[in-house]
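Asks: Here it is, the structure, as structure tokens.
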Amino acid sequence: MAFELLTPDEMAEADRLTIGAGPVDGVGLMRRAGGAIADVVLSRFPSAHPVHVLCGPGNNGGDGYVVARLLRESGGAVRLFATSAPRAGSDAALAAAECPVAVEPLSAFAPETGSLVVDALYGAGLSKPLAGDVLAAVARTAEAGVPVVAVDLPSGVSGRSGEVPGGAFKAVITVTFARKKPGHLLFPGRAHCGEIIVADIGISDAAVAATGARCRENDPAWWRALFPSPAKDAHKYSRGHVGVFSGGIAATGAARLSAMAAARAGAGAVTVLSPGAALAANAAHLTSIILRRCDGLEDAIAFLDERKPAVLVHGPGLSPEPEVGRFALELMGHASGRFGALVLDADGITSMARQRAAFFEARRRSGPALVLTPHHGEFGRLFSDIAADTSLSKLERALAAAAKANAVIVYKGPDTVIAAPDGRAAINSNGTPLLATAGSGDVLSGIVAALMAQSMPPFEAACAAVWMHAEAARRFGPGLIAEDLPLALREVVAGLSG
Ligand SMILES: NC(=O)C1=CN([C@@H]2O[C@H](COP(=O)(O)OP(=O)(O)OC[C@H]3O[C@@H](n4cnc5c(N)ncnc54)[C@H](O)[C@@H]3O)[C@@H](O)[C@H]2O)[C@@H](O)CC1
Ligand SMILES: Nc1ncnc2c1ncn2[C@@H]1O[C@H](COP(=O)(O)OP(=O)(O)O)[C@@H](O)[C@H]1O
Ligand SMILES: [K+]
């Protein structure tokens, strides 16, 4: 299976390259695309009566004319409604000319119980919010409660961003071509797609590669080879040592969640670095996790020099005060070279936003590898200029932030995006709302740290951690709280290590 995600522009380029290489031409690709949709309609909805095919003016509509023809040829009841005729001489006009089904105006479309809608109005070419008869068709379809099969994308969903600027169809199945598009995985678009089927219409892997697409759907298949397993002669420190900074007396739990997750994700040793005032609280709850007093930079450096941890986690359970961010900046400056990587999460990010100029300046110089794990609110605080640019998709925002901070960004949410400063990116698709529970983000930061401590490169470690975190939640199921996640990781780690 191929995991690249193609933006509409990249898909158009892959189309062009395929057509240029021959032998198939544009209308040939369109016939294959329509054929794939007709197969899905016939196999999944054999008793739909009639099938209403809705055609737009472009190539998405062209696919619709092919579907209507094939369904009629197979003996099914089909009606075809169009916004307007395709442009003369276009591939869609050729497909329309081959279609024997009478064309009715979209304003006459009124789906009845038992029918099926094939939405071939707009796909990759969506250029503005749906309006007029098209919006009315969306509303009538929803009112009638009839199933929708979307061609390429549910009309109204942006393939680039997943945004729905006006209304959009809600499909039961979306059949797309060659590869998924970012809009199939990013919300709110994802909620409109239903099941996503990727049909092979003869666009080669070479044509996809030649587009230069650098975003993928997150999947173990492409990072599993880098997933760590302990060497036969490993000892606890060589397996990877993670240090997690704890908050004060009333906020120690977050660091422990992160620490437990790091241990379950394979770090051989994990140390919680606790303020003196919170030592007793931490001591009462920790068993295999090492506990060490840390009341400032001097203590932290002494720990780094003595224990040489590979990765530090800074943020869970701390405070948004500027001194927290200053401490992390000093750590990255003075102590750089004493540890391999830093995971900055939660208040570590919020407090850094208060000295963002110094932070971005420091990141331009060399420093430790850095992974930032902001949720939407934290992202907006640290990357306020990028967040304010409404022309950008979540994917483009994450990539811009990664370049600006010279860091791997894990932009969390139901459609977590992982982006690297070198332009690689991934969109996660195994998320579950079970993760919307306090403290689950702290667990994620510990997993990322543990994988990096075991020598997984930062981007792949972040991708793996996001996938494992969601997989653990899925396996545990309803009733999940953050405390359950570290133990639930055991099975996930076992599955990846096999
Ligand atoms: N080589 C090809 O010809 C292939 C094309 N394919 C199909 O082609 C589609 C892309 O075709 P196009 O680039 O023609 O784009 P679309 O068919 O998605 O839409 C293009 C037209 O609709 C107009 N439009 C867009 N949004 C609108 C809105 N909200 N209200 C009113 N008008 C709007 C645009 O101005 C443009 O004229 C894909 O989604 C896919 O279904 C597939 O058949 C694969 C092969
Ligand atoms: N609806 C959802 N679907 C999938 N994942 C979600 C959803 N809501 C939250 N998550 C995930 O749960 C985690 C929550 O992290 P965060 O917001 O930092 O919470 P906390 O600070 O309580 O730990 C993130 O990994 C996020 O991607
Ligand atoms: K469509």
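Asks: Can you list the residues, at least 5 places off or on another chain, whose amide H is less than 5 Å from the amide H of Arg216, using H built in the peptide plane?
Replies: For Arg216, the qualifying residues are Leu5, Ala425, Ala426, Ile427.
Asks: Using a basic spin-label model with each label point 7 Å from the Cα along Cα→Cβ, how many nm lie between Ala139 and Ala283?
Replies: Rounded to a tenth, the inter-label distance reads 6.8 nm.
Asks: OK, next. Of all beta bridges DSSP finds with both residues in the chain, what is the antiparallel percent, to the nearest 5?
Replies: Antiparallel bridges make up about 10 percent of those DSSP assigns within the chain.
Asks: Let me spell out the model: positive unit charges on the Cβ of Lys and Arg, negative unit charges on the Cβ of Asp and Glu, origin at the Cα centre of the chain. What dipole size does that give, in debye rounded to 20?
Replies: 720 debye
Asks: Sticking with this structure for a sec: Given the Cα-Cα distance of Arg224 and Glu491 and 0.36 nm per residue of separation, how much length would full extension add, in nm?
Replies: Difference between extended and current length: 94.6 nm.
Asks: With label points built 7 Å along Cα→Cβ from the Cα atoms of Ala110 and His49, find their separation and express it in nm.
Replies: For the pair Ala110/His49, the computed spacing is 2.1 nm.
Asks: Okay, next question. For segment 349-359, take each phi angle, set θ = phi - 60°, evaluate the Karplus expression 6.51 cos²θ - 1.76 cosθ + 1.60, and give the result in whole Hz per residue in order, putting x for glycine and proline.
Replies: Here the 3J(HN,Hα) series is 7, 4, 5, 5, 4, 7, 9, 5, 4, 5, 5 Hz.
Asks: Can I ask one more? I'd like the FRET efficiency for Ser127 and Ala251, computed as 1/(1 + (r/R0)^6) with the beta carbon distance as r and R0 of 51 Å, rounded to 0.05.
Replies: Using R0 = 51 Å, I get an efficiency of 0.55.
Asks: Further, regarding this structure: So if we plug the beta-carbon distance of Val24 and Ser74 into 1/(1 + (r/R0)^6) with R0 = 25 Å, what FRET efficiency do we get, rounded to 0.05?
Replies: So the FRET efficiency works out to roughly 0.65.
Asks: Tell me, in nm to one decimal, what length is gained between Ser238 and Glu330 on full extension, where the rule is 0.36 nm per residue of separation less the Cα-Cα distance?
Replies: 30.5 nm
Asks: State, to one decimal in nm, how far the label point of Ala436 lies from the label point of Asp389, with both points 7 Å from Cα in the Cβ direction.
Replies: Placing both labels 7 Å beyond Cα along the Cβ direction yields 2.9 nm.
Asks: Ok, one more. Do the sum for the chain: with -39,500 (n - 2.57) for every DSSP H run of n ≥ 4, divided by all residues, what is the mean residue ellipticity at 222 nm, to the nearest 500 deg cm²/dmol?
Replies: So the helix-based figure for the chain works out to -13000 deg cm²/dmol.
Asks: Could you tell me which of rounded, prolate or oblate describes segment 220-497, using a ≥ b ≥ c as the square roots of the eigenvalues of the alpha-carbon gyration tensor, with rounded for a/c under 1.5 and, failing that, prolate when a/b is larger than b/c and oblate otherwise?
Replies: It is rounded, given that a/c, with a ≥ b ≥ c, falls under 1.5.
Asks: Shifting gears a bit: Label point 7 Å out from Phe187 along Cα-to-Cβ: which residues of segment 343-378 have amide N under 11 Å?
Replies: 376
Asks: Along the charge dipole of the chain, which of Ala77, Ile386, Phe45 sits closest to the positive end, that is, farthest toward it, with unit charges on the beta carbon of Lys, Arg, Asp and Glu (+1, +1, -1, -1)?
Replies: Of the candidates, Ile386 comes out farthest on the positive side.
Asks: Near Lys394, which aspartates and glutamates are there with a Cα under 15 Å away, not counting those fewer than 8 places off in the same chain?
Replies: Of all the aspartates and glutamates, those that pass the test against Lys394 - Cα under 15 Å, at least 8 places apart if same chain - are Glu163, Glu217, Glu378, Asp385, Asp415.
Asks: Per-residue counts of other Cβ atoms within 10 Å, averaged by peptide: what ranking do you get for 117-125, 381-389, highest first?
Replies: 117-125, 381-389
Asks: State which entries of Lys181/Lys236; Lys181/Lys232; Lys181/Lys308; Lys128/Lys412; Lys180/Lys236; Lys308/Lys404 exceed 32 angstrom in Cα-Cα distance in the structure shown.
Replies: Lys181/Lys236; Lys181/Lys232; Lys181/Lys308; Lys180/Lys236
Asks: Considering the options Ile301, Ile197, Ala462, tell which one lies farthest towards the positive end of the dipole of the chain, charges being +1 on Lys and Arg and -1 on Asp and Glu at the Cβ, about the Cα centre.
Replies: Working it through, the farthest residue towards the positive pole turns out to be Ile301.
None of the figures in this text is laboratory data; all of them are computed from the coordinates on show. This one's a predicted model, so the numbers in the text were calculated from it and none came from an experiment. No Cβ is skipped: glycine too gets one built from the backbone with ideal geometry, and neighbour counts run over all protein chains shown.
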